[in-house]
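See below for the structure under consideration.
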Amino acid sequence: MKLFVANNAVASWCGANFHMARTFRLTADGGSRGNPGPAGYGAVVSENGKILAELFDVIGIATNNVAEYNGLLAGLTHIHQLDPNANVEVAMDSKLVVEQMSGRWQIKHADMRDLAKQCRDAHSPSLITYKWIPRDENSHADRLANKALDGGKADAPLVVVQENYLTDRLRSDEVPTMIYFVRHGETVLTPTRKFSGVGEIDPELTEVGLAQASRVAAEVAKLKPEVLIASPLKRARQTADAIAKSTGLDVIEDKDWYELSFGTWDGKSIEEVKAESPDDYQSWLNSSSYRPGGGESYDEARIRIEAALEKLVAEYPGKKVVVVTHNGVIKSAANIAIGGPNDGVFHMDASPCSITAISIWPSDGLRALRSFNEHGHHRLG
C-alpha cells in the first residue's frame, strides 16, 4: 500500500515572527486503530515554549509506526516552510522512529524507508536532533492524532477498507522475530497468589518450580531458539539457567524484563491487601493507571514493555528469542500484540513455566499473538 501525507493537514496558528531562524521544538505522534487499521497523526510545533502550529490528519489504513513517521514528516515540512535554516529538536515517544532517524537502527521496510527519506529531505538532517520521551510527555500530539481519527477532515472523510494484513504478511518472504515468553517457575508466593514484583522480596524457585523449569526447558529446546534473555530476578534467572542447559545458549540478563513493582503490596496476599486498603485495591481493579502500593501501573509498564519489544526486534531481526520473565510482563506484551485496551491485562493470566509466542516483523513492527499460556508440557502421563 502506498502511504503518503495529506497535503492539506489542518493547522491552527498563534501569532509569531517567522522571519528569524531560531530553534523549534517538534513533538509528533501517530496512531492506528487496529495496527494496521484507520490511522492518523498529530504534531505540535513550538518556539520558546509558545505553540506555533498544531497539525493533524488521517492517512488511511496503516500501522502505528507508519503513522508516527507521517507525524514527523508533517512537522518537519511545516517547520521548513517557516524557516529552512532553523534548528529542530524532535521529541517522540516512538523509540523505533527516534532510533532509526538517529541512524542507530536499520530501516528494512520499503514504505518506512521512503518515509524516512522524505523526512530527511523535508529539512536538513544536520539541523535536527532526536530525543525519545515517555508517552505521557507527548500527550498533546497524541490528542491531535486521536482528534484526526475521531473527526478526520471535513472535506475528505475516512473510508475504512478492512484488509487482513497478517495474512498477506504470512504469505510474504519476510521472516519475523519470534519471541517465546516463558514465565518463571513456582515460588513460595505463587500458590497463594501473593503479589510478587520487583523489590526487596526476591524468592527463589521451590522444588515444584525447579521441576517446572526442567520441563519447560525441554519444550523450549524443541523450538531451536537462537537467543536467551532473562529478567535478573532469581526466579526468572533460575528458570533461564535450566533453559540454558537444554539449549546450550548463554543467558543475557536484561532489566527491561523485570516484573512490575507492587510497592508496599509486595509479598502480601490479595486478602491482606483488601483488608488493609480496600479502597486502594478496588482502585487498582478499576484502572490500569493506578499504581499498586505506590509501585508501577500497568499503563506505565505498557510503555516500558513496548519500548523493550522494539529494542529486542531491532537487535535480533528474524531471530528466535526466548525471554524468561514474569506474569505481568507477559500479559502486557500479549495485550500490546493484539492492540488491546490497557485494562485488557486484567483478563489474562500466564501460568508458571508456560510459553507465550509473539511474532513481530522487523520491517514495520507488525505484531501477531501466535499462542498464549501454553502449558501442555506439564501434563504428566
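Identify the residue in the range 86-97 that is among the aliphatic types (A, V, I, L, M) and under 14 Å from the mean Cα position of the chain (by Cα) and, among all such residues, is modelled with the lowest pLDDT. Before you say what the answer is, go through the steps one by one.
Residues of the range 86-97 that are among the aliphatic types (A, V, I, L, M), as a first pass: 86, 88, 90-92, 96-97.
Those still in the list that are under 14 Å from the mean Cα position of the chain (by Cα) too: 92, 96-97.
On the way: Met92: 96, Leu96: 89, Val97: 93.
For the range 86-97, the residue satisfying everything is Leu96.
Among the residues of the range 115-136, which ones are in a helix (DSSP H, G or I) and modelled with pLDDT of 90 or more? Reasoning before the result, please.
We begin by selecting, within the range 115-136, every residue in a helix (DSSP H, G or I); these are 115-122, 125-127, 135-136.
Leu115, Ala116, Lys117, Gln118, Cys119, Arg120, Asp121, Ala122, Pro125, Ser126, Leu127, listed by residue number.
How many residues are crowded, with 18+ Cβ neighbours inside 10 Å and at pLDDT below 95 when one looks only at the range 349-374?
Here the count works out to 8.
I want to confirm something. Restricting to the range 39-50 and keeping residues that are out of contact with any Lys or Arg (no Cβ under 9 Å at 6 or more places or on another chain) and modelled with pLDDT of 90 or more, which single residue is nearest to Ile128 (Cα to Cα)? Break it down into steps so the answer makes sense when it comes.
Here is the first cut: in the range 39-50, the ones out of contact with any Lys or Arg (no Cβ under 9 Å at 6 or more places or on another chain) are 41, 43, 50.
From what is left, the residues that are modelled with pLDDT of 90 or more are 41, 43.
Values: Tyr41: 20, Ala43: 16 Å.
Of everything passing the filter in the range 39-50, Ala43 is nearest to Ile128 (Cα to Cα).
Being in contact with a helix residue (DSSP H, G or I) (Cβ under 8 Å, 6 or more places away or on another chain) and modelled with pLDDT of 90 or more is true for just one of Ala74, Ala67. Which residue is that?
Among Ala74, Ala67, only Ala67 is in contact with a helix residue (DSSP H, G or I) (Cβ under 8 Å, 6 or more places away or on another chain) and modelled with pLDDT of 90 or more.
Look through the range 142-192, keep the residues that are over 24 Å from Ala368 (Cα atoms) and of a type in the set (Val, Ile, Thr), and return whichever of them is modelled with the lowest pLDDT.
Only one residue fits best here, namely Val159.
Quickly run through the range 275-290 and pick out the residues that are more than 25 Å from Ala333 (Cβ to Cβ) and exposed (fewer than 14 other Cβ atoms within 10 Å of the Cβ).
If the condition is that a residue be more than 25 Å from Ala333 (Cβ to Cβ) and exposed (fewer than 14 other Cβ atoms within 10 Å of the Cβ), then Ala275, Glu276, Pro278, Asp279, Gln282 are the ones that fit.
Inspect all residues belonging to the range 193-208 and state whether any of them is modelled with pLDDT of 95 or more, closer than 21 Å to Leu312 by Cβ and assigned to a loop (DSSP other than H, G, I, E, B).
Checking the range 193-208: not a single residue is modelled with pLDDT of 95 or more, closer than 21 Å to Leu312 by Cβ and assigned to a loop (DSSP other than H, G, I, E, B).
Taking Ile305, is it crowded, with 20+ Cβ neighbours inside 10 Å and β-branched (Val, Ile, Thr)? Lay out the reasoning, then the answer.
On the way: crowded, with 20+ Cβ neighbours inside 10 Å: yes; β-branched (Val, Ile, Thr): yes.
Judged against the criteria, Ile305 is a match.
Look through Gly293, Gly339, Gly328 and report the one residue that is modelled with pLDDT under 95, small (Gly, Ala, Ser) and crowded, with 18+ Cβ neighbours inside 10 Å. First the steps, then the outcome.
On the way: Gly339 fails: crowded, with 18+ Cβ neighbours inside 10 Å; Gly328 fails: modelled with pLDDT under 95.
Exactly one of Gly293, Gly339, Gly328 is modelled with pLDDT under 95, small (Gly, Ala, Ser) and crowded, with 18+ Cβ neighbours inside 10 Å, namely Gly293.
May I ask you to list the residues in the range 17-30 that are modelled with pLDDT under 90 and closer than 10 Å to Val45 by Cβ? I'd like the intermediate steps shown before the answer.
First pass over the range 17-30, keeping only residues modelled with pLDDT under 90: 17-22.
Within the range 17-30, no residue meets the criteria.
Identify the residue in the range 98-108 that is among the charged types (D, E, K, R) and surrounded by fewer than 17 Cβ atoms within 10 Å (Cβ to Cβ) and, among all such residues, is modelled with the lowest pLDDT. Explain how you work it out, then say what you get.
Residues of the range 98-108 among the charged types (D, E, K, R): 99, 104, 108.
From the residues that got through so far, the ones that are surrounded by fewer than 17 Cβ atoms within 10 Å (Cβ to Cβ) too are 104, 108.
On the way: Arg104: 88, Lys108: 74.
Result: Lys108.
Could you check the range 188-213 and list, in sequence order, the residues that are hydroxyl-bearing (Ser, Thr, Tyr), touching a residue at least 40 places away in the same chain (Cβ under 8 Å) and out of contact with any Leu (no Cβ under 6 Å at 6 or more places or on another chain)? Full working, then the answer.
Initial filter on the range 188-213 (hydroxyl-bearing (Ser, Thr, Tyr)): 190, 192, 196, 206.
Keeping just the survivors that are touching a residue at least 40 places away in the same chain (Cβ under 8 Å) gives 190, 192, 196.
Of everything in the range 188-213, those that are hydroxyl-bearing (Ser, Thr, Tyr), touching a residue at least 40 places away in the same chain (Cβ under 8 Å) and out of contact with any Leu (no Cβ under 6 Å at 6 or more places or on another chain) turn out to be Thr190, Thr192.
Yes or no, residue by residue, for (1) in contact (Cβ under 8 Å) with a residue 12 or more places away in the chain; (2) outside the structural domain of Arg135 (by TED's automatic domain parsing); (3) more than 19 Å from Pro84 (Cβ to Cβ); (4) small (Gly, Ala, Ser):
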{"site": "Ser32", "(1), (2), (3), (4)": "yes, no, yes, yes"}
{"site": "Pro36", "(1), (2), (3), (4)": "yes, no, yes, no"}
{"site": "Val45", "(1), (2), (3), (4)": "yes, no, no, no"}
{"site": "Lys50", "(1), (2), (3), (4)": "yes, no, yes, no"}
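Give just the number: which of (1) touching a strand residue (DSSP E or B) at 6+ places or on another chain (Cβ under 6 Å); (2) of a type in the set (Asp, Glu); (3) surrounded by fewer than 19 Cβ atoms within 10 Å (Cβ to Cβ) does Glu54 not satisfy?
Unmet for Glu54, out of (1) touching a strand residue (DSSP E or B) at 6+ places or on another chain (Cβ under 6 Å); (2) of a type in the set (Asp, Glu); (3) surrounded by fewer than 19 Cβ atoms within 10 Å (Cβ to Cβ): (3).
For the range 254-373, list the helices (runs of 4 or more DSSP H) that sit wholly inside it and hold at least 1 residues that are closer than 24 Å to Val220 by Cα; which are they? Steps first, please.
Values: elements: 270-276, 278-286, 298-315, 327-337.
Because the criterion is at least 1 residues that are closer than 24 Å to Val220 by Cα, the helices (runs of 4 or more DSSP H) in the range 254-373 that meet it are 298-315, 327-337.
Does Val324 count as hydrophobic (A, V, I, L, M, F, W, C) and under 27 Å from Gly103 (Cα atoms)? Before you say what the answer is, go through the steps one by one.
Details: hydrophobic (A, V, I, L, M, F, W, C): yes; under 27 Å from Gly103 (Cα atoms): no.
No.
The values are calculated or read from the model by the stated rules, or taken from the named source; none is laboratory data. Quick caveat, the model's predicted, so the values are computed rather than measured. Positions of Cβ are backbone-derived with ideal geometry, glycine not excepted, and every protein chain shown enters the neighbour counts.
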